[in-house]
Every structure is written in C-alpha cells, then in structure tokens.
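A.B. asks: Please find one structure pasted underneath; my questions will follow.
Readers should treat all values here as calculations from the given coordinates under stated rules, not as data from a laboratory. No experiment lies behind these values; they were computed from the predicted model shown.
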C-alpha cells in the first residue's frame, strides 16, 4: 500500500470563528508547533516562528492559511470578469478596489461545501454593506444569511455560510465591494494532523524508523530530495497482501475533503486499480 501523506479537512472544528488556546498551559518546545501538546502546526509567512502559546504570527499568515492562529486552509479561486483583479489575488490586505466595482464573482479552484469566509475592506463604514451569494453547477445563486457574521476588527468581518453541497462560485455584491481588499474562503482545517495512526506493516528500509504510519499525519510534505520520502511518508511492506492504514481522532469530526500527497517521483501509486 502506498498511502504516503494524508490531509483530512473539515469545517466542524472547535468553533468557526474563535479557535482559542489557554495561555496558562505549558508551551510547546518543538520548532514549528504550538499548543500544550504540540498538536497545532505553525503557518506563519516566511516560515517565521509562531507564538508557542496561541500560534499567532507576527509576520502574518502564510499565503495558503488564514484565520485564528492561521489554522484554516485558504481555498484558491479565479476572479471572473475582464478587469484588473490583482488587488484581490495578491495576498495583501493593503491593496484594494479603487474603482466603482459593485460586484465580484470568483470561481473556486475545487468545488467544496462552504463553511465560512473572511472579508477585508478599506472603509470601516461599509463593513456590513456587502452581500454574499453562492451557487453550484446546477442551482441558481443563493444568499448567505446576513445575521451570521462576526466583526474581527474595524475592517475585517467573518461570515458563516455553511452549505450542504459543494459550491463552485461565490459572488460579493453591494456598496462594500467598492472598498474590498481581500477575500478568504475557508477550505477547512487538517483534523488528521498529529492524530493517532496505525498501519498493517512497515516497509523495512534501513530500519523501522522510516515509513511509519504517523508520517502520513505529521504535516510535513516531501520535497524533491529522495531522503525526504522515507523520513516524512508512510509505506507498508510490499509483500503485505492485505495492507491497511488507519487514523483515529480524539473527538468526533465531520469530514468534508481528503487530500493525498504522494512521494515525489511515485505519483503512479495514486492511480486506482
């Protein structure tokens, strides 16, 4: 079995808007991790260290992450329309719409059920003057409830908008779009990270410290160096006739998406059959 790296994303987390950590707990001492049991991975811009208690990043979040403690994966999207949209896709909250644009539609890179979004604008007066709607390939646009919002600061608002089915596009409309700077669409949190993993056997390469089950949920993605494959990936014995791999969660979760990362140069192992 060639299961090598697993990411399980979910929107059912501690809370969509307030992931919190106790400052009274003993801080993590492992580089790149935080929390009492080192159960959370840092996601700071420029690979900068995060606060060992609450995971905050003085450098800001890495471009692929956002939200409380930079723990939420950011869904990529393409901006629809023939206008300069660089201000919305440059990962900077300081570059904003300066025109008279009153509506923006984006197409998600991967259709997923919506959970929550974060919007940053440049004018605090218009923070709540914006409407969010969504659609999938077979349905008309549906508006998100206006009441499910949380103001993070004067120019940032989080919007809860859970959907049952995958969404393909999101539209922002209203006067607030004139001052729109950034849009973050949550792709969930990796709930498999640092969870208990088991597998039926090990590929005994050099010794059993390599290709262990927990390597699939260690948060480390293999690079192009061959040595990183057995240090950060899992692999069962090639002679195992009934291979299996299992992960157990410390609390119930509602899973919305799986992501499998293969060893570099071994992409064929992800093919079915």
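A.B. asks: Using the Kirkwood radius over Cα pairs, work out the Stokes-Einstein diffusion coefficient for the stretch 64-129 at 37 °C and 0.692 mPa s, in µm²/s as a whole number.
C.D. replies: Working: Rh = 13.6 Å.
So the translational diffusion coefficient is about 241 µm²/s.
A.B. asks: Grab the Cα-Cα distance for residue 98 and residue 137, subtract it from 0.36 nm times how many residues apart they are, and report the gain in nm with one decimal. All intermediate terms of the calculation are to be shown ahead of the outcome.
C.D. replies: Details: separation 39, 0.36 × 39 = 14.04 nm, distance 3.11 nm.
Gain on extension, residue 98 to residue 137, equals 10.9 nm.
A.B. asks: Here's a follow-up. Subtracting the Cα-Cα distance from 0.36 nm times the residue separation, let me have the gained length for residue 250 to residue 198 in nm, one decimal. The partial results should precede the final answer.
C.D. replies: Details: separation 52, 0.36 × 52 = 18.72 nm, distance 1.43 nm.
The span from residue 250 to residue 198 would gain 17.3 nm if fully extended.
A.B. asks: Calculate log10 I(q)/I(0) of the stretch 75-185 for q = 0.12, 0.14, 0.16 Å⁻¹, where I(q) comes from the Debye formula with a single equal point scatterer on each Cα and nothing for solvent.
C.D. replies: Each listed q corresponds, in turn, to -0.36, -0.50, -0.66.
A.B. asks: Compute the length gained on full extension between residue 90 and residue 56: take 0.36 nm times their separation in residues and subtract their Cα-Cα distance, giving the result in nm to one decimal. All intermediate terms of the calculation are to be shown ahead of the outcome.
C.D. replies: Working: separation 34, 0.36 × 34 = 12.24 nm, distance 2.15 nm.
Answer, rounded to one decimal: 10.1 nm.
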